[in-house]
Structure formats: C-alpha cells, structure tokens
Amino acid sequence: MKRLFKRLIILLFLLGVGLGVLAGFAIDNAPKIKPSAELNQRELTRIERFIRQNNPRNIRDGKQVKTEISQADIKLLIGYVLQRMEVNIPTFAKRQVASLVSLHENTAKIDLSIGLPEWGNEKFLNLSAEFVVKNEDDFYSSELAALSIGEITVPPVIAKFLGNKAHTDLKELIEEYDLISSSIKNIVIENKKLTLNYIYNKKVVAQIQQELTYRVIPENLRQALIAQSQQLAFSSQQLEMQPSINKLFRPMFELAQTRSQASDPVIENKAVFIVLGAYALNKNITPYFDASNQYAIKMHKLYLYKRHDLSKHFLVSAAISSVADPELAKAVGLQKEVSDSGGGSGFSFVDLAADYAGIRLATYATENEAQAKQVQYYLAAVKHENEYMPAIEKLAEGIYRTDLNTGFKSSEQYKEMEALIIERIKHLQVYQ
C-alpha cells in the first residue's frame, strides 16, 4: 500500500512537471500578431458598405446566395470585432487579442495572439491553425490540417481529430452553429478571396438571430429592451400625424427613470436609443429577443424640426453609439452624406448635425450613472427639440459630388461647419 501511494505521488509530481514544461513552451513572451491600429474612417466606411451590400433583407426565401469576401476585408471585420469586444474573462481587457487570416488555394490559415495578464504583462498565448476545404458537387468538408500552440506543433493526426471533435461538439451544443453549417453548400478559397455559397432560409436566419441575441445581449439589457418595446407599442398607438421625437422621448425616458430605481440607468438608456433607432428604420426588434410576446407597434414617421430625415439621422446615430461606438456612427453618417452628394438630396451639414447630436446625446447618457440619471430626468419632461438638437441655420445643404473635391473633409469649409456644429451641441440645454 505504501509502495502504491509512493508511486502515485511520483506520478503526480512528474505530471505536474510535464504540464509545467508544456506550459513553458506554449506561453510566449511576445505576441506573434501585433494588435491592429485603430480603424480609420475610411476603413469603417468600407465595413459599413460591405454589411449593407450583403444585407439579407431583400433575398428571396430558399434562394442560393453567393457571397465573396477578400482577405483584406476579413482582416478589417475581425479587427473591428476584436477591438470592440468585451472578452468574457474579467482579467482580460479590450485589444489583448490580435488575429491574422491568410487565404491560399482551398486553405485558410488563422494566427491568433491572446494576452495573458494573469501570467504577467509580457505573457502571450500564440495559436496557429490551418484549415483545408474540399468541395464535391453540393457537399463540402473542412479539416484542421495543422495546429501549433506557442512552440508546440501538434501532430497532424491529432490536429485532425481535435478539429473533427470540435466541429461535432459545436453542432451538438450550439444550435445556431448547426443551422449555419447545414445551410452552407460549399466554400471556395482562391486568389486571396473566400466565396461562400449557401441557401437562404428566413426561418433559419430568424432562429439564428434569436439564439445569438440570447447569447450576446446581457440579460439586464434584454429585459430593458423588452420593457421599452412594450412602452413603444403603447405610445405608438397614441401618436398623431407627423409626431415629434419628444412624443416618444417623454414616456420612454420616464419608464427608464422608474426602472433605474432597481437597475442600471446606463443600460436603461441604451435600451431607449436602440429601440427608437430600430423604430426610425421601421423595425420592431422584439422578435429577436422575445418571441413569445411580439408587441403590436404602430409605425409612424417621426419628425425633428418638422423633418423626417433629421429624426432618422439623429435616432440611428444614437442607436449605433449605444451598441457600438460613436466613431462608427459618425462614419456611417458621413458615408450616407457622401453617397447623397452623387444625387438625391446632396451632402447636407444639417443631416450631419443630426448625426453628431444623436451621437453626443447617446454617448453622454450612457457614460456613467450620474449622467444617465440626469438625462432621464431631463428628457422625461422635455418640451422643445432645441434642448437636445442644435439650430440648423447657416448649415450648408445640397452640396453635390461635382462640388466636392477629394480633400473636402479636410477643407476649411468642412472644418468650419463641423466646428460650428460641435460648438452648438456643446451649449445645448440638456448638458447644462
């Protein structure tokens, strides 16, 4: 018995030493992939354009869809997500994860560097995985052909086994993963470009959206969104013709104020802006997070200074700021204005003022609890639109592409107009 116990102690000691040695080879002192620089406005605009071009809303149910994405665009999309994600481990901070995707003939290589603050400031986990894709008629398969962790190279046979096991487990554990996998017909990788062919199924998409929503949206935000959607459903039935944003601000921020007595006022304010941003786009978002209670919301065009376009700019920018960040909202607003300069209404500093005002209000109202409660108190009783939206006099409109030189955004005219807008927003009554 003593001999067995002694052998067990020795075995555990050797196992500990072995794991320590493996950890030593797996953990590096420097990241293999450096974090990308903060995305600039041109790159943010490119992401927004890609998302808009691949929006599935207009795709016929049951249609086979072909989507192409370049290696460069994959890098931008991953970079954007990694820079803004909240890693689900408390000691991890933003931008401690960096990634690089390389596309070759039917092969995709993914390099990943993850900071390990609990191991010290200079410790990183570097992962490298190579996937091979094979297509036969309407059937495709992929396998993990190579895997390395730090200085450890996993034998190909084990890498393949691990890849197959992960794929099988994910299909069993995560329903949306299985739904996505079953919808894909084939994947082609060539010329640094990935081409995805899949069958578009609206029911599958709706189910995936709902499943992802439950996983991505925190429970307190989900409950706030449900409450505000219910409030919007009631308030929308009472609206008259050409209603002002104020008609919805007052009851929704009054509800946010009441709910904040037992919840986070920042979360409550985010819910108001997200629900109203969706409403400005003629959308009811309750099916995404509350399939059992889909409230009957009566759609109206909202108005700001008696203009529907301004209310849309204002509310959509506020919503984007609430779920993403102000820079994305600003980039989306600017892209819309540059697009309009080619025809239609033309580039408008008035619309840009609404973008900036929406961004500022949402940013201020979700920055901390004190400001969140201040905005709730104020907007629950707001009387005039000019308390949160700047005056639009002397702001140029209808500027067409022929009048825009390539350096327009850096021109003196643009800078003067932008400075005027920012100065007017700074002195709005809601912030005093």
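Each reported figure results from applying straightforward, stated rules to the coordinates on display, with no laboratory input. Worth saying up front: this structure is predicted, and the values here are computed from it rather than measured. Don't worry about glycine lacking a Cβ; one is built from the backbone with ideal geometry, like all the others, and counts go over all protein chains shown.
Estimated from the Cβ-Cβ distance and a Förster radius of 22 angstrom, the FRET efficiency linking Ala30 and Lys165 is about 0.10. Model label sites at Phe50 and Asn282, defined 7 Å from Cα along the beta-carbon direction, differ in position by 2.8 nm. Treating r as the C-beta distance of Leu420 and Glu136 and R0 as 60 Å, the FRET efficiency rounds to 0.45. A crude spin-label estimate for the pair Thr363 and Val323, with each label 7 Å from Cα along the Cβ direction, gives 2.0 nm.
Greater than 24 Å separation of Cα atoms is the criterion. Which listed pairs, Lys123/Lys270; Lys306/Lys373; Lys160/Lys185, meet it?
Working: Lys123/Lys270 36 Å; Lys306/Lys373 28 Å; Lys160/Lys185 22 Å.
Result: Lys123/Lys270; Lys306/Lys373 exceed 24 Å.
Annotation: amide H-H contacts under 5 Å for Tyr388 (H modelled 1.01 Å from N, sequence separation of 5 or more, or interchain): none.
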